[in-house]
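The values are calculated or read from the model by the stated rules, or taken from the named source; none is laboratory data. Model, not experiment: these values are computed from the prediction. Quick reminder, even Gly has a Cβ in these numbers, built from the backbone with ideal geometry, and neighbours come from all protein chains shown.
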Amino acid sequence: MITLYGIPNCDTVRRARAWLTDHGLEHRLHDFKRDGVPVARLDAWIAALGWETLVNRQGTTWRRLDDATKAAVADAAAARALMLAQPSVIRRPVVEWLDGRITAGFDAARWAAPTRGA
């Protein structure tokens, strides 16, 4: 089953879940707030996508961080620590597709390719 990681009240996560449902794709939601960030999965996402892709520097959580904290996020280890401490800074949703692909963020056009193999 497709696993979608995020926060259920996030508008982007809502749109992504609706898209999956509309395309008949079964999925489950892993709620960062309720279930936490799975450390092993986070490491896999960083390896697959790069920490720069996963840290949402346009979101409210990032903008609320003090300048010193932002400046300290200069490598994968620092980004990982921040994402574990503040899951809302992770670009949402992170999706683990049936074919093993991992994506971050919602883009209906980009998602069309993974659904062919789903």
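For the stretch 47-69, the count of residues that are modelled with pLDDT of 95 or more, over 19 Å from Arg110 (Cα atoms) and touching an Asp or Glu at 6+ places or on another chain (Cβ under 9 Å) is at least one. Each residue in the stretch 1-60 was checked for being touching a His at 6+ places or on another chain (Cβ under 6 Å) and loosely packed, with under 15 Cβ neighbours inside 10 Å, and 0 pass. Please pick out the residue among Arg101, Arg91, Arg80 that is in contact with a helix residue (DSSP H, G or I) (Cβ under 9 Å, 6 or more places away or on another chain), within 17 Å of Cys10 (Cβ to Cβ) and of a type in the set (D, E, K, R). Only one candidate passes the filter, namely Arg91.
Screening Asp22 on (1) in contact with a strand residue (DSSP E or B) (Cβ under 8 Å, 6 or more places away or on another chain); (2) under 15 Å from Ile2 (Cα atoms) shows it passes everything except condition (1). Please indicate, with yes or no, whether at least one residue in the stretch 29-36 is more than 20 Å from Met1 (Cβ to Cβ) and either among the acidic types (Asp, Glu) or touching a Gly at 6+ places or on another chain (Cβ under 9 Å) (or both). No; the residues of the stretch 29-36 include none that is more than 20 Å from Met1 (Cβ to Cβ) and either among the acidic types (Asp, Glu) or touching a Gly at 6+ places or on another chain (Cβ under 9 Å) (or both).
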